[in-house]
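Just so you know, all these numbers are worked out from the coordinates, no wet-lab data involved. What you see is a predicted model; the values in this text were computed from it and never measured. Ideal geometry is used to build each Cβ from the backbone, glycine not excepted, and the neighbour counts take in all protein chains shown.
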Amino acid sequence: MTAATAAWAERIAMARALALGESVLGATSPNPPVGAVVLAADGTPVGEGATAPPGGPHAEIAALAEAGERARGGTAVVTLEPCAHTGRTGPCADALLAAGVARVVIAVPEPTSRAAGGAQRLRDSGVQVEVGLERAAAEAGALASWLTAVREHRPYVVWKVAATLDGRVAAADGSSRWVTGAEAREAVHRLRSTCDAVVVGSGTAVTDDPQLTVRRPDGTDAARQPLRVVVDRRGRLPRTARVLDDAAPTLVSAAPTAAELLAELYDRDVRRLLLEGGPTLAAAFLREGLVDEAVLHLAPTLLGAGTPLVGDLGITSITGALSLTVTDVARRGQDVEIRLRPDGRS
Ligand code: ZN
């Protein structure tokens, strides 16, 4: 195999590893969603894996198990530096050495001191290690939430809101169901499935009485459900609320600020949080600069009056407007999905 052929095989393997990491987003916290591919000595893919739920094997272990003896003299391609610590599972760096892998290609170096040192341990044992292949793509992909959470010691926050074309989430009489169509609502269930927890304020919980579960397109409940969180400082949530049913675990929090809520959730291993409403809670997060990403579903309807999609941000002049950057736009049936990032967030 020529060097160019080997490099090409590693690029394809890394693209596959990135997709494997994406496939387990929302299922691995507090561990990172990692993907791994093992190439035999001749460059043939012989094993692949993704991080299992906590307590299960890391991506490298799953990929090595599938590769078996064919890993010997081969290359492991992973989205995050293999761990060097013994957590609930043994160090992946040692497993790679035991499997006789000759080369390890890594996208992102391990940012936590607890798990770092894997690349060095491999190099010390004579394994060729390359760090940085597709690093930007990996950091912007499945690992983005986990990297932010590790850096800031709080969950990454995705704010999702469905509104009319004039930015209303409910009509003047308070009615708000089915603002958007079926395709947009399905997209919300997919988005929820990538998150560890979903949060609403008590106002939304009382007015809309949402169940906040992840349902498959056929209407059945998904096997894995995010933690449902209701911020209820004044005990407004009725015991009959659907969010308190047994379809998924629920936390009722009296945390006085958005930051304290995030600290409480981080302690519960939440690394990626979906903020679903309503306007008051969204405004509290935005005012504190605690929204990392926004997913806005706009329906082609007008109300002219009603509840705005976000509450008071304390902004009185156009010069103080909170600006966001559009990162993606997509059609969801008749609705439009706009993905944005508040400026100043990386
Ligand atoms: Zn590991």
Exercise. Kirkwood Rh, Cα Rg: Rg to Rh for segment 187-346?
Worked result: 0.95
For this session: State, to one decimal in nm², a quarter of the convex hull surface area for the C-alpha atoms of segment 90-210, i.e. the direction-averaged projected area.
Result: 11.4 nm²
Exercise. Can you tell which of ARG177, ARG121, ARG242 shows the greatest fluctuation in a Gaussian network model of the chain with Cα springs below 10 Å?
Worked result: ARG177
Exercise. Spin-label point model (7 Å from Cα, Cβ direction): what's the ALA15 to THR112 distance in nm?
Worked result: 3.2 nm
Exercise. How many nm is it between the label spots at ASP124 and ARG242, if each spot is 7 Å from the Cα in line with the beta carbon?
Worked result: 5.6 nm
For this session: Please sort 250-262, 183-195, 320-332 by packing, taking for each peptide the average over its residues of neighbouring beta carbons within 10 angstrom, highest first.
Result: 183-195, 250-262, 320-332
Exercise. So what's the net charge close to THR213: Lys and Arg +1, Asp and Glu -1, counting the other residues with Cβ under 11 Å from its Cβ?
Worked result: +3
Exercise. Using only Cα atoms, what Kirkwood radius does the chain have, in angstroms?
Worked result: 21.6 Å
Problem set entry | Among ALA321, THR207, ALA6 the positive-end extreme of the charge dipole of the chain (Cβ point charges) | THR207
Seminar exercise, completed: FRET efficiency (ASP269, ALA6; Cβ distance; R0 30 Å; to 0.05) is 0.20
Exercise. For the chain, what does -39500 (n - 2.57) per DSSP helix run (n ≥ 4), summed and divided by total residues, give at 222 nm, in deg cm²/dmol to the nearest 500?
Worked result: -8000 deg cm²/dmol
For this session: Specify the angular offset, from 0 to 90 degrees and rounded to the nearest 10, of the alpha carbon long axis of helix 258-267 from the longest principal axis of the alpha carbons in the chain.
Result: 40 degrees
Exercise. If you average 1/r over all unlike Cα pairs in segment 3-147 and invert the result, what Kirkwood radius do you get in angstrom?
Worked result: 14.4 Å
Exercise. Fully extended, how many nm does the chain gain between SER175 and ARG234 (0.36 nm per residue separation, minus their Cα-Cα distance)?
Worked result: 18.9 nm
For this session: Kindly state, to the nearest 0.05, the FRET efficiency for ALA259 paired with GLU69, given R0 = 35 Å and r defined as their beta-carbon distance.
Result: 0.10
